[in-house]
1. What about ALA79, is it among the aliphatic types (A, V, I, L, M), farther than 30 Å from ARG206 by Cβ and under 30 Å from the mean Cα position of the chain (by Cα)?
2. Can you find, within region 91-145, the residue that is farthest from VAL205 (Cα to Cα) among those that are polar (S, T, N, Q), modelled with pLDDT under 90 and not in a loop (DSSP other than H, G, I, E, B)?
3. Residue pairs, Cβ under 7 Å, 6 or more apart or interchain, first in region 50-67 and within 16 Å of GLN31 (Cβ to Cβ), second of a type outside the set (S, T, N, Q) and assigned to a loop (DSSP other than H, G, I, E, B). List them.
4. Could you list all residues from region 264-288 that are open to solvent by less than 40 Å² (accessible area, probe 1.4 Å), farther than 17 Å from PRO168 by Cα and not in a loop (DSSP other than H, G, I, E, B)?
5. Can you name the residue in region 289-301 that is touching an Asp or Glu at 6+ places or on another chain (Cβ under 8 Å) and within 15 Å of GLU103 (Cβ to Cβ) and is also most open to solvent (accessible area, probe 1.4 Å) among such residues?
6. Determine the pairs where a residue that is part of a loop (DSSP other than H, G, I, E, B), located within region 152-181, has a partner that is aromatic (Phe, Trp, Tyr) with Cβ atoms under 6 Å apart, the partner being 6 or more residues away or on another chain.
7. Would you confirm whether any residue within region 25-32 is open to solvent by 40 Å² or more (accessible area, probe 1.4 Å), assigned to a helix (DSSP H, G or I) and either at pLDDT 90 or above or touching a helix residue (DSSP H, G or I) at 6+ places or on another chain (Cβ under 6 Å) (or both)?
8. Restricting the search to region 130-185, which residues are out of contact with any Ser or Thr (no Cβ under 6 Å at 6 or more places or on another chain), open to solvent by 60 Å² or more (accessible area, probe 1.4 Å), acidic (Asp, Glu) and under 23 Å from LEU116 (Cβ atoms)?
Amino acid sequence: MGKDNHTATPHISLEQWRCLVAVVDAGGYAQAAEKLHKSQSSVSYAVQKLESVLDIKAFSIEGRRAVLTPAGEMLYRRAKVLLDEAASLERAAHKASAGWESEIAIAVETLFPIWLLLDCLDQFGAESPQTRIELHETVLGGAPESLQEGRVDLAISPYIPPGFSGEPLPRQARIIPVAHPDHPLHQLKRELTLRDLRKHRHLIVRDSGSQRDKKALTVEVEQRWALSSMATSIGAACRGYGFAWLPEDKIRSELEAGILKPLSLRGGGERYVQMYLIFADRDAAGPGALRLAEILQEQMAASCPDRPMGAYFTQDRPERT
């Protein structure tokens, strides 16, 4: 029976593929050698050996520059995937052998109820006190970007970045339009229209991602303050500096104290945002990250099951067990 080439032992090592990718990413053999902490001759030999074994030219020389050939472009793309998969496999094996992680990084959209998150972290801490938590509080594109850049193990976000999959959390966040009771919009004493809003300052929380979505949760107005945190936006609204759409959960005490008052918009002004639990790599996730995700799902399912996330006031908050 003839030899099956599809299952033959690979003749190219991961290190040779790493050299090829480094030459492209770094912009040349000398730069790749510096990046890999190798000699230039060893990097050059690794690429030449790869070309020889595959009987293919990955680079053509144009002037003093090595430029990828069409075949080289294909090799480069596939090599990147191969190296990423190898790194993922190593991470998964390390976590499987090491037990629970020493640290878990999580990015959480600022719309998520902070008290619920802290309760979940407290429960997790009781089960795994040796695991440190690194929390990144983000806005809009911040959590997806943290996932894409490999800075966190899991994220809670209303947006699922390309190449990732997310599990919908049991409750939606309820966002309502509010302003101080003395704000001119409340003095109209009638249902408001978008035209009414356009005459006043809109307070928004700026996207924490580098690629900011300036149209998210905004109204086209002439006056706008883009603020860097939810707390600052709430503080500005409480002082009458403008109107804002804010998560109901974040302003429970302000609503109860009468410092903020919901705006009555024609057609209803509230918005509901679906949140997702997203792993950086579910297959490589350690037992700690998996358990923390489980706690988040359980706590959310148990908290106010008949109302949207955020639609709880102090007296409704479930007791910790």
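1. Values: among the aliphatic types (A, V, I, L, M): yes; farther than 30 Å from ARG206 by Cβ: yes; under 30 Å from the mean Cα position of the chain (by Cα): yes.
Criteria met by ALA79.
2. It comes out as SER97.
3. ALA66/GLY28
4. LEU265, GLY288
5. Looking at residues that are touching an Asp or Glu at 6+ places or on another chain (Cβ under 8 Å) and within 15 Å of GLU103 (Cβ to Cβ), I get ARG291.
6. ILE160/TYR276
7. yes
8. GLU134, GLU167
The values are calculated or read from the model by the stated rules, or taken from the named source; none is laboratory data. Values in this document were obtained by computation on a predicted structure and should not be read as measured data. Neighbour counts are summed over all protein chains in view; Cβ atoms, including those assigned to glycine, are modelled from backbone coordinates with ideal geometry. Calculation scope for accessible area: heavy atoms of the full protein, side chains included, ligands and nucleic acids excluded. Shrake-Rupley method; radii C 1.70, N 1.55, O 1.52, S 1.80 Å.
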